[in-house]
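See structure below.
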Amino acid sequence: MTQTARAILLMILAIFCFSAMDACAKAIAAESNTVMALWARYAGQAVLVLVLVAPRLGKVARTRFPGLQLLRAICQLTATSAFFFGLNFLGLAESTAIMDVNPVLITLGAALFLGERLGPRRLAAIGAALIGAMIVIRPGTEVFSPAAIFPLTAAIAYAGFALATRFIGGREDPWTSLLYSALLGAIILTALLPGQWQMPSPRTALLMLALAGLGTTAQLLLIRALTLGEAAMLAPFSYVGLISATFWGVVAFGEFPDRATIIGALVIVAAGVYVWHRETRSARAPGIASLKAAPAPESPVLDNRTDQTPR
């Protein structure tokens, strides 16, 4: 697979993990409260990351971008909190559909702040996917209630989080970003927990563990995707979350999609497949052209170094 194809695949896997995490959060909130779900999300990630990086914690804890890591962690905590609280008032698919304005924000932000190219194909894919999301949302219906401010806030905060992640890119260990975002959320939510704590049932405890694992996995996948691929190119694949949210809504909560949701989802899939095809083909083209143009390689000359690495 090309680097672009790997980035797209990682992005899709991250979105599926996020959707499963959101389903766990909705179930936890129904049995206890939203603060419990948020605490499980961040405290669980903090514990997992600390255990996994314990042998090299000193190295992982060093960051070249302390201010940016703080901003990134605040954006992530804001996005997660707003979205989880919104799930108390809206269905999983509806909340995800409203939050699906974030690819437009990410694409524009990547062009303005990161200098990424904003070609007609990317704009067309974003526009088509946004039309699909609007078919699902159906502005003017009950989906656009005052509660919609929660997923809309989450979309804005998530865009800031994605742009900060893309800016840091491969210049820092992905575990460093995971560590700082987890610690900030864990500290704040642990301080809020005493007034919200409810003894979880065995089922709720399992959901909290699953939420922590899914959130950590999704974060790592997303960081890797944004390290390998441009934010503007990956943005349309956020709309895949609407499809996976609809799936979890059916499986976990009996929220069956209507015809408009199915049509909108098909439009979103078509836009994502188009971007995958165009971006991966354009990524391969220079490599193929250079192979055709390049002369036959000469036999490598080995120096007298002990590792005998070809120069």
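The values are calculated or read from the model by the stated rules, or taken from the named source; none is laboratory data. As the structure is a prediction and not an experimental result, all values here were calculated from the model. Here the Cβ positions follow ideal geometry from the backbone for every residue, glycine too, while neighbour counts run over all protein chains shown. For accessibility, only protein heavy atoms count, side chains too; no ligands or nucleic acids. Shrake-Rupley method; radii C 1.70, N 1.55, O 1.52, S 1.80 Å.
Tabulated data for the structure shown
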{"item": "With every protein chain in place, the stretch 34-112: carbon and sulfur % of accessible area (1.4 Å)", "result": "74 percent"}
{"item": "Dipole in debye (nearest 20) - the stretch 1-134, about Cα centre, beta carbon charges: Lys, Arg +1; Asp, Glu -1", "result": "720 debye"}
{"item": "Alpha-carbon gyration tensor eigenvalues x 5, square-rooted, for the stretch 207-283, Å", "result": "25, 21, 7"}
{"item": "Stokes-Einstein D (µm²/s) once Rh is taken as the Kirkwood radius of the stretch 18-111 over alpha-carbon pairs, at 4 °C in 1.567 mPa s", "result": "85 µm²/s"}
{"item": "Candidates Leu222, Leu184, Leu112: whichever shows maximal mean-square fluctuation once the chain is modelled as a Gaussian network with Cα springs under 10 Å", "result": "Leu112"}
{"item": "Solvent-accessible surface (1.4 angstrom probe) belonging to Asp100, in square angstrom, nearest 10", "result": "10 Å²"}
{"item": "Value at 222 nm in deg cm²/dmol, rounded to 500, when DSSP H runs of n ≥ 4 in the chain each add -39,500 (n - 2.57)", "result": "-25000 deg cm²/dmol"}
{"item": "Highest-fluctuation residue, Ile223, Ile135, Ile15 considered, GNM on the chain with Cα pairs under 10 Å", "result": "Ile135"}
{"item": "For the chain, fraction of C-alpha pairs farther apart than 23 Å, in %", "result": "58 percent"}
{"item": "Packing-based ranking, highest mean first, of 38-44, 264-270 given that Cβ atoms within 10 Å are counted", "result": "38-44, 264-270"}
{"item": "Column: log10 I(q)/I(0), Debye, Cα scatterers of the stretch 148-213, q = 0.21, 0.23 Å⁻¹", "result": "-1.12, -1.14"}
{"item": "Accessible area of Cys75 in the full protein assembly, 1.4 Å probe (Å², nearest 10)", "result": "20 Å²"}
{"item": "Net charge over other residues, Cβ less than 11 angstrom from the Cβ of Ala225 (K, R count +1; D, E count -1)", "result": "+2"}
{"item": "Cα-derived Rg to Rh of the stretch 73-124, Kirkwood definition", "result": "1.10"}
{"item": "DSSP H segments from the chain that extend 15 Å or more along their own axis, Cα-based, with Kyte-Doolittle mean of 1.6 or above", "result": "34-53, 102-113, 120-137, 240-253"}
{"item": "Within the accessible area of the stretch 212-275 (1.4 Å probe), percent carbon and sulfur", "result": "74 percent"}
{"item": "Accessible surface, per residue, of the chain when the full set of protein chains is kept, probe 1.4 Å, Å²", "result": "48 Å²"}
{"item": "Residue with peak Gaussian network fluctuation, the chain [Cα springs, cutoff 10 Å], from Met233, Met36, Met199", "result": "Met199"}
